[in-house]
Amino acid sequence: RLTGPAVISVCGGRPSGLMLRILLDSFGGTLPADVVPIFANTGEEAEGTLNFVREMAERWSVPIRWVEFTRDAIPDVPADLAHWREVTYCTASRNGEPFDALIDWKKYLPNPTQRLCSEWLKVRAIHGFAASLGFPVKVVRDPVSEKTATVADFVNVLGIRADEQSRVAKQRAKDLVELPLVDRGIVKGDVLIFWGGQPFDLQIRPGEGNCKLCFEKGAPQLRNVARDPANAAALQRNVDREARIGATMKKRHPFRLIQDFVHRQ
């Protein structure tokens with residue numbers, strides 16, 4: 001039984017959707033006021049992901065709040081939690097605007113070792129919004145670098161499955177993190193069975209994922225996703241970002257080469 005204050009991170013995938021349904025059922029269909037589901041939009045999600053989040057909210061009568069990163073900071077808020085704005089399904093960015101705003105601000109590209117996109121577009125945007133609702137935060141100091149950071153002092157609920165062992169181990173080492181799917185032993189097959197019995201489902205291409213051209217995908221998977229003409233604009237945005245910053249997001253696989261490969265096929 002989850003106790004607040006807590007944020008349910010609704011990433012837009014099937015596992016987080018099942019997690020939300022489980023939590024709704026555990027509270028009799030209505031979440032407490034201090035247990036808030038939040039979806040963070042990067043502007044690079046598949047349209048099917050946005051539709052899926054909206055449909056869960058409407059069909060299950062649950063108010064999922066939408067936020068996204070903005071370079072403009074909110075006044076009188078700790079700087080590392082001040083770069084967000086609340087949006088809706090209709091006003092959410094769909095052409096990578098939050099992603100572009102972040103890299104143009106930082107003059108740096110996210111990569112597998114420094115995932116700026118997850119940190120700023122997801123985690124800090126969600127935590128900043130939660131703090132605006134009155135959820136507690138605290139300042140921590142790194143004993144080595146002596147840098148300080150403002151972090152959540154409330155429960156974060158994540159939709160990680162029991163068979164995602166490396167992700168589970170990483171999150172289990174943290175305080176104030178709940179993993180309902182792991183606690184119930186839910187694996188990928190269970191998630192697919194659940195959604196197979198529902199009147200709606202996530203409508204995206206296999207392998208596409210919520211973030212269509214995420215650099216964490218393997219090169220063959222990226223090429224496969226990039227072949228879809230619907231993703232041509234997103235591919236061009238990544239090519240332009242790497243050219244603008246003068247670096248690559250994926251070592252040895254710049255998006256320009258992925259684009260060239262697709263055009264040759």
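The values are calculated or read from the model by the stated rules, or taken from the named source; none is laboratory data. Treat the numbers as computed from the prediction; the structure is a model and nothing was measured. We place every Cβ from the backbone using ideal geometry, glycine too, and count neighbours over all the protein chains shown. Keep in mind that these areas ignore ligands, DNA and RNA; they rest on the heavy atoms of the full protein, side chains included. Shrake-Rupley method; radii C 1.70, N 1.55, O 1.52, S 1.80 Å.
Of all residues in the stretch 197-226, exactly one satisfies the criterion of being open to solvent by 60 Å² or more (accessible area, probe 1.4 Å) and acidic (Asp, Glu), namely Glu216.
Are any residues in the stretch 187-196 surrounded by fewer than 19 Cβ atoms within 10 Å (Cβ to Cβ), closer than 19 Å to Val10 by Cβ and of a type in the set (A, V, I, L, M), and if so, which ones? Hit for the stretch 187-196 is Leu192, nothing else.
Among the residues of the stretch 150-184, those that are open to solvent by less than 40 Å² (accessible area, probe 1.4 Å) and either part of a strand (DSSP E or B) or over 22 Å from Val36 (Cβ atoms) (or both) comprise Thr150, Ala152, Val155, Asn156, Val157, Ala162, Glu164, Val168, Val177.
When restricted to residues that are surrounded by fewer than 20 Cβ atoms within 10 Å (Cβ to Cβ) and assigned to a loop (DSSP other than H, G, I, E, B), the stretch 14-39 contains 7. Of all residues in the stretch 131-145, those being among the hydrophobic types (A, V, I, L, M, F, W, C) and part of a loop (DSSP other than H, G, I, E, B) number 3.
The criterion of being under 17 Å from Ile8 (Cα atoms), open to solvent by less than 10 Å² (accessible area, probe 1.4 Å), in a loop (DSSP other than H, G, I, E, B) and of a type in the set (Val, Ile, Thr) holds for Val62.
Is it fair to say Gln259 is assigned to a helix (DSSP H, G or I) and surrounded by 16 or more Cβ atoms within 10 Å (Cβ to Cβ)?
yes
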